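Report on the following structure.
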Amino acid sequence: MSENIENILYTEVAMQPIPFEIITIKELYTRYKTHKIDLFSIHRIQFHALIIITEGQSKHSTDFKDIILKPGTIIPLVKGQVHHFEENRLVDGYIISFNEAFITENISESNLFHFLQLYHSTDLKIAETSIKTLMPFLELLKQTQNNTNTNLKADLVRAIFISLLIEIKRLTAYQNQTIESKRFKDFIQFKQLVAIHYKVLHNAKDFAKLLSVSYKYLNDICKEMSNKTAKAFIDDWLLLEIKRNLSEKQFTIQEIAYKTGFTEPSNFIRFFKKHTQTTPNSFINQL
């Protein structure tokens with residue numbers, strides 16, 4: 001499924017000369033109503049996205065957690081996450097799909113900070129009355145996308161999108177602490193290292209060495225940014241990757257154990273049961 005989802009971005013969703021597309025939720029449902037790719041089953045995305053709800057009420061499953069959708073709900077989705085849409089469309093709004101590098105390359109440090117901070121959130125809420133302040137950005141993105149003039153199109157799209165993110169950040173300021181830039185950037189670097197090394201490194205002290213910081217500092221910024229110790233953050237990341245692999249139903253329990261860094265399937269099952277109070281097979285059945 002992950003290969004199909006990746007194709008959605010580059011060959012079927014982003015019908016643009018740049019890896020960025022904005023469509024309405026209604027358009028998304030129409031496009032995939034009879035498509036071979038099933039948006040309503042759990043799938044892993046290989047791109048970043050932003051969902052903005054403007055009307056209706058429903059729910060959306062992201063990494064096995066249900067998020068209530070209502071006007072003003074905003075969901076930043078990152079590459080590697082698993083999610084699915086409800087089969088009956090009860091909401092409308094916008095879905096923006098893009099390649100992360102398209103946004104983060106060649107932008108200022110302050111704009112990169114805005115992007116990283118918003119995409120550190122699982123979901124955001126703005127007042128329903130504030131939706132109208134986002135509409136000029138969304139409409140301008142649609143107009144620019146549909147414009148056949150490709151001269152500086154990528155730069156313009158990137159600038160409008162960053163402006164949209166800054167406006168969202170401004171409207172959700174009460175939900176986001178003012179985080180010291182250095183400490184937040186160190187946490188993001190830790191997060192990126194965990195994403196790379198979670199299969200082989202399970203000790204927070206090893207990550208502190210990679211970052212050239214003290215274990216205490218790493219633990220402190222983890223608690224500040226995620227309300228978890230560094231060790232709990234690493235374990236939760238590993239557990240989430242296991243759940244994502246189980247949900248895809250492409251590999252056996254033994255294969256997933258080896259794939260996620262366990263040398264013995266029994267240790268894999270013990271780890272999973274310790275953190276979920278259920279077995280991997282039971283988890284699959286519950287899905």
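Can you pull out the residues in segment 1-28 that are more than 25 Å from THR148 (Cα to Cα), open to solvent by less than 70 Å² (accessible area, probe 1.4 Å) and either at pLDDT 90 or above or not hydroxyl-bearing (Ser, Thr, Tyr) (or both)? Answer for segment 1-28, where residues must be more than 25 Å from THR148 (Cα to Cα), open to solvent by less than 70 Å² (accessible area, probe 1.4 Å) and either at pLDDT 90 or above or not hydroxyl-bearing (Ser, Thr, Tyr) (or both): MET1, ASN4, ILE5. Residues that are touching a residue at least 12 places away in the same chain (Cβ under 8 Å), assigned to a helix (DSSP H, G or I) and not small (Gly, Ala, Ser) do occur in segment 83-102, at least one of them.
Return the pairs, sorted by first residue and then second, in which the second residue is surrounded by fewer than 17 Cβ atoms within 10 Å (Cβ to Cβ), the first residue lies in segment 228-241 and is over 13 Å from ALA195 (Cα atoms), the beta carbons are less than 7 Å apart, and the residues are 6+ apart or on different chains. Once the first residue is over 13 Å from ALA195 (Cα atoms) and sits in segment 228-241, its partners that are surrounded by fewer than 17 Cβ atoms within 10 Å (Cβ to Cβ) give LYS228/ASP236; THR229/LYS223. For segment 170-193, the criterion of a residue being part of a helix (DSSP H, G or I), open to solvent by less than 20 Å² (accessible area, probe 1.4 Å) and within 26 Å of PHE262 (Cβ to Cβ) is satisfied by at least one position. I'd like to verify a number: residues in segment 50-82 that are at pLDDT below 95, assigned to a strand (DSSP E or B) and of a type in the set (Gly, Ala, Ser), how many? So the count comes out to 1.
Looking at segment 112-149, which of its residues are open to solvent by 40 Å² or more (accessible area, probe 1.4 Å), touching a residue at least 24 places away in the same chain (Cβ under 8 Å), polar (S, T, N, Q) and over 20 Å from MET225 (Cβ atoms)? If the condition is that a residue be open to solvent by 40 Å² or more (accessible area, probe 1.4 Å), touching a residue at least 24 places away in the same chain (Cβ under 8 Å), polar (S, T, N, Q) and over 20 Å from MET225 (Cβ atoms), then THR133 is the only one that fits.
Return yes when LYS216 is open to solvent by 60 Å² or more (accessible area, probe 1.4 Å), under 20 Å from the mean Cα position of the chain (by Cα) and among the basic types (Lys, Arg) and no when it is not. Here the answer is no, as LYS216 does not meet what is asked.
Candidates are the residues of segment 260-274 that are surrounded by 15 or more Cβ atoms within 10 Å (Cβ to Cβ) and free of Cβ contacts under 8 Å to residues at least 60 places away in the same chain; the one that is nearest to HIS197 (Cα to Cα) is PHE262.
Taking segment 238-256 as the region of interest, how many residues are hydrophobic (A, V, I, L, M, F, W, C) and farther than 19 Å from GLY80 by Cβ?
The qualifying residues number 1.
Of the set (1) among the polar types (S, T, N, Q); (2) in contact with a strand residue (DSSP E or B) (Cβ under 8 Å, 6 or more places away or on another chain); (3) open to solvent by 50 Å² or more (accessible area, probe 1.4 Å), all apply to SER247 but (3).
Is it true that some residue in segment 260-283 is closer than 18 Å to PHE64 by Cα and within 19 Å of the chain's Cα centre (by Cα)? Within segment 260-283, not a single residue is closer than 18 Å to PHE64 by Cα and within 19 Å of the chain's Cα centre (by Cα).
For (1) open to solvent by less than 10 Å² (accessible area, probe 1.4 Å); (2) in contact with a Pro (Cβ under 6 Å, 6 or more places away or on another chain); (3) farther than 18 Å from LEU116 by Cβ; (4) of a type in the set (Phe, Trp, Tyr), each residue gets a yes or a no:
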| residue | (1), (2), (3), (4) |
| --- | --- |
| PHE47 | no, no, no, yes |
| ILE51 | yes, no, yes, no |
| GLU55 | no, yes, yes, no |
| LYS59 | no, no, yes, no |
| PRO71 | no, no, yes, no |
| LEU77 | yes, no, no, no |
| HIS84 | no, no, yes, no |
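Remark: SER97 matches the filter, which requires a residue to be within 24 Å of LEU240 (Cβ to Cβ), polar (S, T, N, Q) and either at pLDDT 95 or above or crowded, with 18+ Cβ neighbours inside 10 Å (or both).
The values are calculated or read from the model by the stated rules, or taken from the named source; none is laboratory data. Model, not experiment: these values are computed from the prediction. Methodologically, a virtual Cβ is constructed for each residue, glycine included, from the backbone with ideal geometry; neighbour enumeration extends over all protein chains shown. We work out accessible area using only protein heavy atoms, side chains counted, and drop any ligands, DNA or RNA first. Shrake-Rupley method; radii C 1.70, N 1.55, O 1.52, S 1.80 Å.
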